[in-house]
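Enquirer: Questions regarding the structure given below will be posed in turn.
Read the figures in this text as sums done on the coordinates, not as results from a lab. Source: prediction; values computed, not measured. Here Cβ is always computed from backbone atoms with ideal geometry, including for glycine, and neighbour counts include all displayed protein chains.
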Amino acid sequence: MQTLQVDVGHSRYPIVIGPGLLADRGLLAAEVPGRDVLIVTNTAVAPLYLEKLTQSLAGRRVAGCILPDGEQHKTLPTAGRVIDALVHERMNRDATVLALGGGVVGDIAGFAAACYQRGIGYVQVPTTLLAQVDSSVGGKTGVNHPAGKNLIGAFYQPLAVIADIDTLATLPGRELRAGLAEIIKYGCVWDGLLFDWLDRHLQQLLARDPDALVHAIARSCEIKATVVARDEREQNLRAILNFGHTFGHAIEAATAYRTYLHGEAVGLGMLIAADLSQRLGLIDIAVRDRVCDMLAHAGLPTQAPRVGADKIMELMQMDKKVLAGRVRLVLMQSVGRAVVTADYAQAALDATLEEHFA
């Protein structure tokens, strides 16, 4: 078991990573406060882990809220179902919400916790690789809007993140590969040594080797905790963690959140961002190809949907990094180094979009 700390000044909380954590009553007693607990999960995760977690919280008043599975359900009405459950169970401000599931469950549960009675405590219990390395850490909560991804939400830090790697044993292979995209992202924008390590250990991760998983998850969380501590509300530095996301979010919205998993869309976005970085002369072809090859070897999609360059540009204009009408992009400068900028040749962006989406 490894424990890391996230410290954003007004909030400090642990990230606990290891096997057997859902059954660790001592850990849950220490990290989940309150007598009343609402476990928010979904139809895919509930049959696997809801009873186990409920049993580990024996002695509390525990209720469950089971949501439909899928990004297309990450909406205000679904968040309303969580709030309705809290009201129905007559839970007060000393109650705790547990988000048991992937990134969608974590985002919805955290957002509902931020809203209910102006904020109650919540704990992230991520069960997917993507959630364990990214979405459960850092306090971003929210839901989608038909016009764009995560347009409605709040920065609201959890009380703890409990990442039980045993849950990855039941994770579908496609979901595992989607999570690898976010780990690759950290190597691209922050840690060239991690990128090199992934070159050597990608097959071990795909085979779910426990030691490789703990190393990759812990290093990813260390990077995110460092960045979040410096820039909780994404005013500058934290935006580099959106490498691939501006294109990826547009891909998700253009396909109605039904075609790609989030990590798959981000992987495509990273490929496109690396291509644009090379067109702008920020990286050479060899670096671009290293990124593309790693995404391909991870089993991620490498062909973007032909939905039209104009449609993607329209959706990118709704990205949260747009300032003064200009889309800011996260671009690579080398393996392990990135920049957030609106200072790029529009012609290069147009050509890139035509290449991948027309």
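Enquirer: Using the Cα gyration tensor of the range 2-170, with a ≥ b ≥ c the square roots of its eigenvalues, what is the shape: rounded (a/c below 1.5), prolate (a/b larger than b/c) or oblate (neither)?
Expert: Rounded, since a/c falls under 1.5.
Enquirer: Follow-up. Once fully extended, how much extra length lies between residue 193 and residue 166, figured as 0.36 nm per residue of separation less the alpha-carbon to alpha-carbon distance?
Expert: Gain in length upon complete extension: 7.1 nm.
Enquirer: Please give the Cα centre distance for the range 70-94 versus the range 194-235, rounded to the nearest Å.
Expert: Here the two parts' Cα centres lie 31 Å apart.
Enquirer: If you don't mind, another one. For residue 358, what charge total do you get from the other residues with a beta carbon under 12 Å from its beta carbon, if Lys and Arg give +1 and Asp and Glu give -1?
Expert: On the way: positive: 306, 311; negative: 310, 350, 354, 355.
Charge balance in the 12 Å sphere: -2.
Enquirer: I would also like to ask the following. In whole Hz and in residue order, list the ³J(HN,Hα) couplings for the range 91-96 that follow from phi through the Karplus curve 6.51 cos²θ - 1.76 cosθ + 1.60, θ = phi - 60°; x for Gly and Pro.
Expert: So the J values, rounded to whole Hz, are 8, 10, 6, 8, 7, 10.
Enquirer: What is the order of 83, 108, 120, fewest Cβ neighbours within 10 Å to most?
Expert: Fewest to most other Cβ atoms nearby, the residues stand as 83, 120, 108.
Enquirer: So, one more: Just to check I understand the Karplus step: with θ = phi - 60° and J = 6.51 cos²θ - 1.76 cosθ + 1.60, what whole-Hz values come out for the range 50-55, glycine and proline as x?
Expert: Going residue by residue, I get 5, 5, 4, 5, 4, 5 Hz, with x marking Gly and Pro.
Enquirer: Over what distance in Å are the Cα centres of the range 256-290 and the range 1-37 separated?
Expert: 34
Enquirer: Would you tally the net charge around residue 254, using a Cβ to Cβ cut-off of less than 12 Å, leaving residue 254 out, and scoring K and R as +1, D and E as -1?
Expert: Once positives and negatives cancel, what remains is +1.
Enquirer: Follow-up question, since we're still on this one. Checking the cross-link filter: which lysines have an alpha carbon closer than 26 Å to that of residue 140, excluding same-chain neighbours under 8 positions apart?
Expert: Straight-distance partners of residue 140: 74, 149, 185, 224, 320, 321.
Enquirer: So for 52, 74, fewest C-beta neighbours within 10 Å to most, what's the order?
Expert: Values: 52 14, 74 24.
Neighbour counts put them in this order, fewest first: 52, 74.
Enquirer: Given H placed on each backbone N at 1.01 Å, which residues far from residue 142 in sequence or on other chains put an amide H within less than 5 Å of it?
Expert: Those lying under 5 Å, H to H, from residue 142 are 108, 111, 154.
Enquirer: What shape does the range 288-358 have by the C-alpha gyration tensor, where a ≥ b ≥ c are the square roots of the eigenvalues, rounded means a/c under 1.5, and otherwise prolate means a/b greater than b/c and oblate the rest?
Expert: Verdict is oblate for the range 288-358.
Enquirer: Please give me, ordered by residue number, the trypsin sites (Lys or Arg not before Pro) of the range 77-147 that lie in loop per DSSP and have at most 15 other Cβ atoms within 10 Å.
Expert: For trypsin sites (Lys or Arg not before Pro) across the range 77-147 that sit outside H, G, I, E and B with at most 15 neighbouring Cβ atoms in 10 Å, the list reads 90, 93.
Enquirer: Which of 98, 202, 130 has the fewest other C-beta atoms within 10 Å, and how do the rest follow up to the most?
Expert: Listing 98, 202, 130 from fewest to most nearby Cβ atoms yields 202, 130, 98.
Enquirer: A follow-up question, please. Rounded, prolate or oblate: which one fits the chain, using the alpha carbon gyration tensor with axes a ≥ b ≥ c (rounded when a/c is under 1.5, else prolate when a/b beats b/c, else oblate)?
Expert: Prolate shape, in that a/c is at least 1.5 and a/b is the bigger ratio.
Enquirer: 222 nm [θ] for the chain, helices only, -39500 (n - 2.57) per DSSP H run of 4+, per residue, to 500?
Expert: Details: 12 runs with 153 residues, N = 358.
Roughly -13500 deg cm²/dmol at 222 nm, from the helical runs in the chain.
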